[in-house]
Each structure stands twice: as C-alpha cells, then as structure tokens.
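So the structure is just underneath, and the comments pick up after that.
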Amino acid sequence: MADTFFITTAIDYTNGAPHIGHAYEKILADVLARYHRLKGEDVFFLTGVDQHGQKVQQSAEKAGVAPQQFVDEITGKFKALWGKLDVRYDAWAATTDPLHQECVRANLQKLWDDHDPATGQSRWLYKKTQRGFYSVRQEQFLTDKERGPDGQFGPEWGLVEERDEENFYFRLTQDPTTGLPGCDPKQWLLDFIDARTAAGKPFVIPDFRVAELRNAVEKLEGDLCISRPASRLKWGIPFPETFGAGFVTYVWFDALVNYITFVPGHDPNYGERTQAKNAECGMTNDEGSTAAAGHSSSVTRHSSFADWWPPLHVIGKDILIPAHGVYWPVMLKALGFSDAEMPTLLVHGWWNISGAKMSKSLGNVIDPDALADKYGPEALRYYLMSDIATGKDADFREERLVEIYNSDLANKLGNLLNRTLSMAGKYREGVAHVGDEEIGKQVRDACASMRINFGPYAHVTVITDVDHHSYRGLPVFDSALRQVISFTAHCNGFIEAQAPWKLAKMTSNERHLDAVLYTLAESLRIIAILISPVLPRAAHGIFDQLNWKMDEQGQETRFRLADATWGGLPDGHTLGQPTPLFPRIETSAA
Ligand code: MSP
C-alpha cells in the first residue's frame, strides 16, 4: 500500500472575507498535497474555518443576523475561493459541525475523567476563580496591556469594574503542591523539542523557529484558561454537563481539536480504541476505529485514524507561539498521544504591503478573489509560490505578479510550447519521431558542450532539486520553480542553437531535425509533470496540446513523478495543435 501523507492548514476566522494571506497558506498546502500525490502517496488534506468566538458573535449582532447565518455566509466565500483557486482538499473542517462539537466535548470529558488516584481530581483540568478588571462595554477582561501611559484604562473601554469569574483551566505547568498532572508538561515539551531536533526531524520547520519556540517554552508560566461563562460568550461549544452548567469552550480548545475531529476513522467518543501505555506519564494512547468520513479515493483506502496520523500542520508565524507550539503538543500529550505521534509544524511567513501588515483600518487588504478574476488562478498561484521563500515574509506587489507571469510563463514556458508544436506541425506534420539515436545523442552532447543544460541530463537535476526542495525538509518552491523555468529557458536556447528552420531545408537533415523536435516535446512533457502541483491547469494544457494521456484528461492522476524520465513519448507520437497557454498580460491591463 502507498505511503500516506496527512496535511492540514490553519482554519480561518469567519469574521471577514478571505484575504491574500489566507489564500497563500491554502495554496502552499495544496501544492504540497499535490506534490505528494505526484509522488504516488495517498494524501489527506484538511482545511476549513474557525467559526466560534466573541468577534463573530459581535459582528453577527452588528449585521443583525444570527451567528450561524453570519458564519455560513462567510464560510461560503472561503469555499468558493478555494474552488476558484483549485485548492483541492479532502475534508472540510467547520467548527460548528456537530461532529466537531461532539469531539471537543469528548476530549474535555476524557481529560476531566482522567483522575489522579491520590487526589481524586482530574490530572489536567481544574476550576478556579479569578479576579480582574472587566470592561462592561467591550464585554471582556482587561490586562495591563490595555492600560494607557497614565496607567488607566482609556474611555474606549467604558465602565471598568473589578469582577470575579470562575473558569476551567488546562495545566501547562506542574502544580508544585499536588504534583499534577503527574509529569511536568513544560519539561516534557523542552525534552521533546530537543529529541526531535537531535533525531533530525525538527518539530518546527524552518529551523530558526525551533529556537524561538524553545525560548518561549522556557519562559512558560501559568496554565491555559479554556472556558468562558455562557453569560458572556454565547457563540461557542458548551462544556459537557458533567462540568456544571453554563460554560462554553474558549478558542484554542475548540479550534485545535479540528485536526483530530475530521481525520477519517476518528471516533469522537473514544469508543473501541486500542489502549497503549504512554511510558513517561502513564497515560493511554488512542487509535481511531470508525469508518472514513472523507471523500477521496485515498481516504477510502485508509479508513483508520492511525493510517493518517501524525499530520504536517501548515500555519502562519503568528500562531506558532503559544497555540501550535505549546498548547497543542501538551493537549495531545494529555489526550494520550505518544511522542512518536506528535505532528510537525511548517511555519510560513507573511505577505506584507510595503513592509507593513495588511489591515482593514489601513485599507490595504489584498483580495485574492478579485486578483484571480483579473489574472486567472494560475497567475496568482505561480506568484504566491515563486516570489516568497517559505518561512520568510515577502511584500505583495501586483506589478511583480504581472512581471513574473509575463517573463516566466508567457515568454518562456508558453513560448516554448507554442514554438515546439508549431515547428512540429510545419516541418513534420505534427509527428514526434525519436530520430536517429546517435544523432539525438550528438545533439545532446553538442548542447552540453555549449553549456545548454537540458534534456536527459538536466531533467535529472531538475527532478532531484524539486524533490530535495520539498517536504520532508523545508519546501522551497521558489527555487524549485526557478529550476524548472531555467530548464525551459535552456530549451528555448536550444531552439536558437539548433535552428530547426534551417535543418528543415534539407531532407538529409530529417533525422537530426526529428531528434531536436522530439527532445523539445519530451522536455515539455517532463516540465508539465514538474509544474503540475503549482500550475495544475497549465500542466493539463501542455498534456492536452502534446496529445498525451488524453484518457485521463482533467484528472490529477494524469501526472506521476515516476513518469518524469526521458523517453516517455513513443516514436511516431502525433502531437496536438498549439494554442496560447499563457497569453501575455498587457501592462496597461494591470
Ligand atoms: N483561527 C485561527 C487559526 C486556528 S488553527 C487551529 C486563525 N485564523 S486567521 O484567519 O487569523 O489566520 C489563518 C491563517 O492565515 C494563519 O495561519 C495566519 O498566519 C495566516 N495569515 C493571516 N494573515 C497573513 C498574511 N498576511 N500572510 C500570510 N499568512 C497570513 O489564526
């Protein structure tokens, strides 16, 4: 059976329309998912929306609609955008989904029931009353961060009063008096991060984020408040009644759990699951047992939770510390996941505008939907994958999108396809003949001596680089794409050097001409496979025009990395007609 690969994204807040940052992350994960499918792996790609919380509650009130109606409308916008941008996920995580609500409650119950034999208390959860300053107008507790330079809370907070509030807390640190939860989560996390680094499989990619996370864990103090009184927050998942009435799950204990809920085979009630002892903390280890909930054939082939887990989480840098880097591993630990079952975090950077954060108040938020309408989804995908180094920030510039599209796709790739097929049609009635092997080899050797690195030599380099640059390390699609484009440029240079229009003048050159045209067509077939994760539509366009694998038209299975070896097109294969694949974007239109 094929290897499996489980990839997730952050689930986006549904209090506003999607922006370019959301689109970037989903496309990045989609490219990774497609790349793994290309390698022949069975992939489960999970994305979705984070629908609960105070902000949504307030925005819905402002809009005069019920919160569910409000989030449904915005969720529709996200789903439509992913459809438009060819983000091909296998399952949709929506936190208002009853399945998810049940899973969140089951997790809370499991932790609540995990009693310490000495104290009879839950090892992980406890209830505590806290006194603090509460803004009646904004309906939230305030911290010292909200105080002005004069030490006072400003007028924007309205009436601020001291209040007591009872809530549930999740242990991130060990209680010195009771010794609960029975292990020191903070020390465990530090050891775990170090062990993963030492084993060459860092918990966080890229590397520089590991140090950042480690420092934050060392400074960790206090526990995580995981509830809000229902009197204050209505729009959330109610706690199980065993906790007493009137509590709603607060933010991360709801959102993070989506990564478990929607995995095929997950049983939200922790029913008949394999129990295995967790060595360090003596906790139980669960494996799912119910049938697949997803819809892809990969999902049908792998219906158990253990087939997919652990995941690669693709997230932005702002939600590494503390949410994904601290809360999530400790939550998994508490739920009984072993160290070997911990996920990996791939942390991407942010798209900024002239070095500054995008924000509604500055009015500089970039709308991916409008850009996809203006330039097409492939132009946007290509720009977002080629003009940022994964893990780092970049500046979004529309002119740059146009510039890169025109230079790489219209001038290089589109041109190569067009010239190759036009010449094959004109000089050889559209038929690709391998030509004389000897001549073919001479052609390739001549190119190598001219330092035109292409064909059977170059394609090996390109594939290895694409492979090397992709996950299981840091996926650097920008440099992988540069490799593919320079391969394309070499092919264009090869056309100039071989001048098929001159070769076509003498019949004695026919087999030489054939070798040249075959080399070009074969290079295009390989290029299509290599770019297919980033540019699925263009890859299909190239295959269609090459008249190749027509029985799998429009299907992703048409592309396989294993097919990217020289000589795939059979001798005498009839090529198709050229049609412009990447029409130039005129700058006035931009
Ligand atoms: N709902 C939480 C995540 C819960 S995951 C269990 C959240 N939502 S968000 O809508 O604010 O952000 C979703 C993702 O978009 C995050 O990974 C965030 O880093 C990413 N981005 C938000 N703005 C971005 C840019 N300007 N650029 C790139 N990605 C950015 O956080």
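Residue pairs whose Cβ atoms lie under 7 Å apart, separated by 6 or more positions or on different chains, with the first residue in segment 312-340 and in a helix (DSSP H, G or I) and the second β-branched (Val, Ile, Thr) and within 8 Å of the ligand (Cβ to nearest atom), are HIS324/ILE315. In this structure, GLY325 does not satisfy being open to solvent by less than 30 Å² (accessible area, probe 1.4 Å), more than 11 Å from the ligand (Cβ to nearest atom) and farther than 19 Å from VAL217 by Cβ. Flag set for SER359, criterion: within 16 Å of the ligand (Cβ to nearest atom) and polar (S, T, N, Q).
Taking the listed residues ASP339, ASP307, ASP318, the one that is at pLDDT 95 or above, surrounded by fewer than 22 Cβ atoms within 10 Å (Cβ to Cβ) and away from the ligand (no atom under 16 Å from the Cβ) is ASP339, with no other qualifying.
Output yes when any residue across segment 139-148 is among the β-branched types (Val, Ile, Thr) and more than 39 Å from the chain's Cα centre (by Cα), and no when none is. No; the residues of segment 139-148 include none that is among the β-branched types (Val, Ile, Thr) and more than 39 Å from the chain's Cα centre (by Cα). Filtering segment 39-66 to residues that are among the aliphatic types (A, V, I, L, M) and open to solvent by 10 Å² or more (accessible area, probe 1.4 Å) leaves ALA63, VAL65, ALA66.
Selection over segment 338-381 of residues that are over 30 Å from ASP307 (Cβ atoms) and among the acidic types (Asp, Glu) gives a count of 4. Is segment 390-406 home to any residue that is free of Cβ contacts under 8 Å to residues at least 12 places away in the same chain and within 16 Å of the ligand (Cβ to nearest atom)? So far as segment 390-406 goes, yes, one or more of its residues are free of Cβ contacts under 8 Å to residues at least 12 places away in the same chain and within 16 Å of the ligand (Cβ to nearest atom).
LYS201 fulfils the conditions (1) open to solvent by 30 Å² or more (accessible area, probe 1.4 Å); (2) part of a helix (DSSP H, G or I) except for a single criterion, (2).
Among the residues in segment 474-483, are any under 27 Å from the mean Cα position of the chain (by Cα), in a helix (DSSP H, G or I) and among the hydroxyl-bearing types (Ser, Thr, Tyr)? Scanning segment 474-483, I find at least one residue that is under 27 Å from the mean Cα position of the chain (by Cα), in a helix (DSSP H, G or I) and among the hydroxyl-bearing types (Ser, Thr, Tyr), so the answer is yes. Checked against (1) crowded, with 21+ Cβ neighbours inside 10 Å; (2) modelled with pLDDT under 95, SER359 passes all but condition (1).
Look through segment 140-158, keep the residues that are assigned to a strand (DSSP E or B) and either without any contact (Cβ under 8 Å) to a residue 40 or more places away in the chain or open to solvent by less than 50 Å² (accessible area, probe 1.4 Å) (or both), and return whichever of them is nearest to LYS234 (Cα to Cα). Here the residue is PHE141. Would you check which residues across segment 207-239 are open to solvent by 40 Å² or more (accessible area, probe 1.4 Å) and part of a helix (DSSP H, G or I) and list them? Selection gives PHE208, ALA211, GLU212, ARG214, ASN215, GLU218.
The values are calculated or read from the model by the stated rules, or taken from the named source; none is laboratory data. Everything numeric in this text was worked out from a predicted model, so none of it was measured. Glycine also receives a Cβ, built like all others from the backbone with ideal geometry; neighbour counts cover every protein chain displayed. Areas reflect the complete protein model, heavy atoms only, side chains present, ligands, DNA and RNA absent. Shrake-Rupley method; radii C 1.70, N 1.55, O 1.52, S 1.80 Å.
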